[in-house]
Amino acid sequence: MKKSVRRAVFLLSFIVSVTLSGVSANAQYISDMPEDWPVVRKGADFYANGEILTPEQLGSLLSYTDGITLSQVEQYQKGFRTGKGLLIGFGALTGAGLLTLGVGAVGVFVEAIALGIGVSLFAPLYAVSGDSPDASLNSGFIYVTYAGLAATGVGVLGLAAGTAVYCVYKKRLNRVADSVNASREVRLSFGVQKYGAGLALNF
């Protein structure tokens with residue numbers, strides 16, 4: 001009888017001590033973690049409840065994912081911004097190249113028409129004098145056309161490279177957001193809770 005009482009007292013004392021100490025059986029809910037879900041990506045950053053996540057908050061969320069680290073995410077963000085910068089820069093170069101190409105082409109066309117009209121008007125005079133007209137076109141706009149063509153070509157190649165980089169890192173950042181949202185599993189905590197001691201399920 002005495003042994004049973006001792007065992008009961010020991011067991012009760014153990015339960016009370018563990019409960020009061022608030023020992024966590026698993027990861028506790030992190031206080032600075034955003035309460036509203038899901039986490040969404042906007043550009044290279046992540047948002048929850050309409051507010052941008054700090055690196056500390058994002059790191060807390062990533063701790064529940066399968067192997068994604070904050071340093072990896074920062075690399076993805078850097079790559080995303082690099083790809084976006086390439087698209088903007090080479091897009092502007094392509095636009096300027098096309099504009100230059102158009103100006104050069106129009107200039108060559110106008111000079112060619114003017115040369116043709118001049119040859120036609122002065123053809124009778126050349127026939128009387130027996131000389132042959134110089135009908136060669138030496139337009140200064142031809143170099144403008146070449147410059148525009150070169151700029152357009154470089155711009156298109158840069159756009160292709162920028163698009164590839166942008167899409168790769170955009171996909172990786174989207175995968176990070178999906179992984180964070182998928183990690184919203186049941187978290188079991190044992191200890192002192194808001195309304196007393198016991199178990200708590202955090203979602």
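The values are calculated or read from the model by the stated rules, or taken from the named source; none is laboratory data. Nothing here was measured: the structure is a model prediction, and the numbers come from that model. Remember, those area values only see protein heavy atoms, side chains included, never the ligands or the DNA or RNA. Shrake-Rupley method; radii C 1.70, N 1.55, O 1.52, S 1.80 Å.
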Fill in the blank from the handout: For the stretch 141-185, dividing by residue count, accessible area per residue (probe 1.4 Å) in Å² works out to 59
Problem - Accessible heavy-atom area order of LEU87, LEU53, LEU99, LEU173, highest first, probe of 1.4 Å - result: LEU99, LEU87, LEU53, LEU173
Handout entry: In order through the stretch 170-183: 3J(HN,Hα) via Karplus (6.51 cos²θ - 1.76 cosθ + 1.60), integer Hz, x for Gly, Pro
Key = 5, 5, 5, 5, 4, 5, 5, 4, 5, 5, 5, 5, 6, 7
Problem - Accessible surface, 1.4 Å probe, highest first, among residues GLU111, GLU51 - result: GLU51, GLU111
